[in-house]
Amino acid sequence: MSRARILPAPLSGMQEAKRPTGAIVATIIVVAASYGSLMIAGITYSSITGSMEMPWWMSIVAFGGIAVLIGLWVRFKEGRRFRSLGFEEPRRAPRQILWGIAGGLLLATLAMLTLVLLGQGSIRWNADALTPADWLMALVWIAVYAVQSSSEEIAVRGFAAQAYARRFGIVAAIALQAVLFAALHAGNDGFGVLPIVNMLLLSVALGLWVLKNGSLWAACAFHSTWNWALSRLFGTTMSGHESSHGIFVVTPSADGPAPITGGTFGIEGSLITAVLLAAMIAVLAGPAIRRVSAARAATAPARTLDAVR
């Protein structure tokens, strides 16, 4: 009988399951939950109101549904706890969440400032033009992005990555979850080669951060903060979605080169972001590798004893 792979948390989560999900089925579940939740929310809202255009608050329902569907599958099909997806040791959550928030703000700020300093964009203070309702919405969208981004992290770098790691190992899991994450964004406006590259780089960076910390807390916080900062702090296009209600408004040069400005996809389709994400990977790779090595070293004595017996 083959031995289970030595996996650090949270990639080891699937090993807790009574009825584990395979890699292919996990991919299907994530895609079905992602698109199914959005479709169910849209159809439900349309049938009640007669409108095909969902209001902002339905985003919480639509994206939150992804986490709910994954959670139901994990609990009732696999027979394991929801927290095994990457939320063990909640006492460590506050510190990791703060690091994630700081990282998201730092990277978004560096990306915007670099764009402006290269002469490929302008930035202006927009707070004076914001109404009290705009300020309230800026705060509300923190919650919206927290639900949206965390649901994606749970589905991809939690559930799917655990299934991939159990079947193929850690390196393959990092690569496959990156491909899945990029594929889920393929329908966004302006999606192309550089956006794909950056989605892959972001996924690798966050995958390494998850490995380093042993949880999803920081990844959820980073992802949420990055999205909020681009759309509500800097009022710029985020993943093909335009925004003009930021505390600042960053406007890329209309005639600037798309590889720098990001084109219609926004700064996430820029070489600027690629360089920043590559630097992030370089910073996180060492600690992540050391943690994997430590997990294997800690398990080795027990395996040696089993072999002797």
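For a paramagnetic label modelled on Thr299 (point 7 Å from Cα along Cα→Cβ), amide N atoms under 20 Å away are absent within the stretch 62-79.
Quick check: net charge around Arg95, other residues with Cβ under 14 Å of its Cβ, Lys/Arg +1 and Asp/Glu -1? Charge balance in the 14 Å sphere: +2. Largest mean-square fluctuation among Thr236, Thr131, Thr251, in a Gaussian network model of the chain whose springs join Cα atoms under 10 Å apart, belongs to Thr131.
Among Trp99, Trp217, Trp135, which comes first, then next, by fewest other beta-carbon atoms within 10 Å?
On the way: Trp99 16, Trp217 27, Trp135 13.
Ascending number of Cβ neighbours within 10 Å: Trp135, Trp99, Trp217.
Taking the charge dipole of the chain about its Cα centre, with +1 at Lys and Arg Cβ atoms and -1 at Asp and Glu Cβ atoms, the residue from Ala279, Ala102, Gly22 reaching farthest to the positive side is Gly22.
Take the Cα radius of gyration of the stretch 1-137 and divide it by 2.2 N^0.38 Å, with N its residue count; two decimals is plenty.
On the way: Rg = 21.1 Å, N = 137, 2.2 N^0.38 = 14.3 Å.
So the stretch 1-137 has a normalised radius of gyration of 1.48.
Within a 10 angstrom radius of the beta carbon, how do Glu78, Glu53 rank from fewest other beta carbons to most?
Numbers: Glu78 20, Glu53 9.
With the sparsest Cβ surroundings first, the list reads Glu53, Glu78.
Using the count of nearby Cβ atoms within 10 Å as a rough guide to exposure, how do Tyr35, Tyr164 rank from fewest to most?
Tyr35, Tyr164
Which one of Leu194, Ser224, Ala173 is farthest out on the positive end of the charge dipole of the stretch 162-309, using unit charges on Cβ (Lys, Arg +1; Asp, Glu -1) and the Cα centre as origin? My answer, from the dipole projection, is Ala173.
Helices that extend 24 Å or more along their long axis by alpha-carbon positions and average at least 0.5 on the Kyte-Doolittle scale are, among the DSSP H runs of the chain, 23-49, 93-117, 132-153, 193-213, 271-308. For Leu106 and Ile48, a Förster radius of 45 Å and the Cβ-Cβ distance give a FRET efficiency of 0.60, rounded to the nearest 0.05.
If Lys and Arg each add +1 and Asp and Glu each add -1, what is the summed charge of the other residues whose beta carbon sits under 15 Å from the beta carbon of Gly64? Don't skip to the answer; put the middle values down first.
Values: positive: none; negative: Glu152, Glu153.
Counting the neighbours of Gly64, the net charge comes to -2.
Taking a point 7 Å out from the Cα of Val193 in the direction of its Cβ, the residues of the stretch 251-279 whose backbone N falls within less than 14 Å of it are 258-260, 270-271.
Where nothing but the Cβ of Lys and Arg (+1) and of Asp and Glu (-1) is charged, how large is the charge dipole of the stretch 91-298 around its Cα centre, in debye to the nearest 20?
Values: 12 positive and 8 negative charges, 251 e Å.
With Lys and Arg at +1 and Asp and Glu at -1, about 1200 debye.
The structure-derived value of semi-axes √(5λ) of the Cα gyration tensor in Å appears in the list (1) 28, 23, 20; (2) 35, 23, 17; (3) 39, 22, 20 under the label (2). Rounded to the nearest 500, the helix-only mean residue ellipticity at 222 nm of the chain stands at -20500 deg cm²/dmol, with each DSSP H run of n ≥ 4 adding -39,500 (n - 2.57). Its Cα gyration tensor gives the stretch 183-309 an equivalent ellipsoid. The semi-axes, each the square root of 5 times an eigenvalue, are 39, 14, 12 Å from largest down.
None of the figures in this text is laboratory data; all of them are computed from the coordinates on show. Computed from a predicted model, the values in this text were never measured in an experiment. Note that each Cβ is placed from the backbone with ideal geometry, even for glycine, and that neighbours are counted across all protein chains shown.
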